[in-house]
Amino acid sequence: QAKMQGRGILRFFSPELTRRAKERVALNADLRRALGREELRLHYQPQIDLFSGEIVGVEALVRWQHPERGMIAPGEFIPIAEDSGLVVPLGDWVLHEACRQIKAWSDAGLAPRKTAVNVSPVQLSRGQLVQSVKDALEQSGIAPAQLEIEITESFVMLDREQSFKSIAELKTLGVRLSIDDFGTGYSSLGFLQQLEVHTLKIDLSFVHDMATNSGNASIVKAVIALGHSLDLEVVAEGVEDEVQMRLLRSMRCDVMQGYLVSRPLPADDMTRFLTSFEPAAYLRR
Ligand code: C2E
Ligand code: MG
Ligand code: MG
Ligand code: MG
């Protein structure tokens with residue numbers, strides 16, 4: 001094992017790292033079992049049009065109900081699943097479950113225009129993603145444009161060529177594409193144009209201290225202008241208060257998502273949210 005030789009040896013065997021490595025191995029083994037035991041759940045967070053007040057979409061966010069550890073957030077287990085490759089079957093489950101839910105909402109007349117699903121750069125860099133999306137669409141019977149695939153700029157760090165191929169094929173299927181966490185990654189402007197996505201999501205780190213940090217406010221403004229010049233829908237993530245909402249409105253941002261509207265909700269709660277939603281509530285504010 002190359003990692004155990006040479007310069008890495010001291011760092012590799014530090015007690016803290018050994019403990020963390022063991023923890024990751026244990027969590028990964030649990031996750032492998034979790035996939036077959038229905039311990040994963042999708043929560044959904046609404047996206048609201050800043051001008052009409054309507055729900056334009058929801059984002060599906062995976063949760064893991066661990067039998068002993070309780071609810072685990074994706075930030076804790078997705079990176080582990082990416083390293084082990086488990087993110088591929090996990091991602092397939094997410095796609096199928098989200099499409100099944102979209103179909104149920106459609107049948108009830110409640111489906112928002114689009115439902116967004118996050119995919120890992122690891123999924124994108126392997127060939128099977130397109131087939132998985134195709135299967136999920138066919139099995140659920142939803143229209144491809146009801147599904148939006150969120151990718152992050154970091155895929156350029158993996159197999160860029162295969163990733164570009166996957167993205168092109170996804171577009172052929174007719175699903176929508178979104179760039180998540182925009183501004184934190186590596187993409188050039190030319191790259192953004194080349195991808196021809198539909199949606200740009202401004203990372204919440206820029207949105208959060210927008211009101212107090214004029215540098216971040218300038219970045220948000222610039223990203224909105226960039227998105228609009230490329231004809232993209234611009235979504236601000238992590239909107240937590242009305243000051244941020246009004247500022248985004250003054251900057252002509254299209255859509256907001258964040259705790260101000262709602263935290264991510266279990267499917268049943270999201271169904272109630274969709275049933276009783278009143279657009280006017282957000283226009284008055
Ligand atoms: P993301 O896709 O950028 O999702 C937004 C994250 O911000 C979510 O965290 C959401 O709960 C959180 N958030 C939403 N509104 C607010 C707000 O107003 N304030 C703050 N502070 N946070 C807010 P979550 O659910 O823990 O997900 C974290 C990340 O894990 C996601 O970031 C995404 O990159 C990844 N992830 C989630 N679900 C999946 C999945 O099904 N597959 C893959 N590959 N990754 C996923
Ligand atoms: Mg996302
Ligand atoms: Mg994001
Ligand atoms: Mg994120």
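Laboratory data are not the source of any read-out in this text; all were calculated from the coordinates shown. Not measured: the values here are computed from a predicted model. Every residue, glycine among them, receives a Cβ derived from its backbone with ideal geometry; neighbour counts consider all protein chains shown.
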Margin query: Run the reach check for K22 against lysines, Cα to Cα strictly under 29 Å, same-chain hits fewer than 8 apart removed. What comes back?
Written below: K3
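List the chymotrypsin sites (Phe, Trp or Tyr not before Pro) within segment 195-278 that DSSP assigns to loop and that have no more than 13 neighbouring Cβ atoms inside 10 Å. Could the numbers behind the result be given before it?
Numbers: sites: F206, Y259, F273, F277; in loops: Y259, F277.
Sites meeting the loop and neighbour criteria: Y259.
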Next item on the list: For segment 119-206, state what percent of all Cα-Cα pairs lands in each successive 5 Å bin, counting from 0 Å until the bin that includes the largest distance.
Entry: 3, 14, 26, 27, 17, 9, 4, 1
Note to self: Between segment 106-153 and segment 22-74, what is the separation of their alpha carbon centroids in Å?
What the structure shows: 16 Å
Item checked: Share of pairwise Cα separations in the chain, more than 36 Å, in percent -> 18 percent
Note to self: Given Cβ point charges of +1 (Lys, Arg) and -1 (Asp, Glu) and nothing else, what value in debye, to the nearest 20, does the dipole of the chain about its Cα centre take?
What the structure shows: 560 debye
Note to self: From the phi angles alone, apply the Karplus equation (6.51, -1.76, 1.60; θ = phi - 60°) to segment 196-206 and give each ³J(HN,Hα) in whole Hz, x where the residue is Gly or Pro.
What the structure shows: 6, 7, 9, 9, 10, 10, 6, 4, 5, 4, 7
Next item on the list: Give me the lysines in straight-line cross-link reach of K165: C-alpha distance below 20 Å, same-chain residues under 8 apart excluded.
Entry: K134
Margin query: Give me the tail of P(r) for segment 188-285 as a percent: Cα-Cα pairs with distance above 23 Å.
Written below: 33 percent
Item checked: Dimensions (Å) - segment 10-96, Cα atoms, principal axes, largest first -> 58, 29, 23
Margin query: Please report, ordered by residue number, every helix of the chain (full DSSP H runs) that is 18 Å or longer along its axis going by C-alpha atoms and whose mean Kyte-Doolittle hydropathy reaches -1.0.
Written below: 15-36, 87-107, 160-173, 214-229
Margin query: As an exercise, take the mean of 1/r over every pair of distinct alpha carbons in segment 1-159, invert it, and state the Kirkwood radius in angstroms.
Written below: 17.6 Å
Notebook entry, point to check: Over all pairs of distinct alpha carbons, what does the Kirkwood formula give as the hydrodynamic radius of segment 90-159, in Å?
Noted result: 12.5 Å
Next item on the list: Excluding residues fewer than 8 places away in the same chain, name every one of the lysines whose C-alpha is closer than 19 Å to that of K221.
Entry: K201
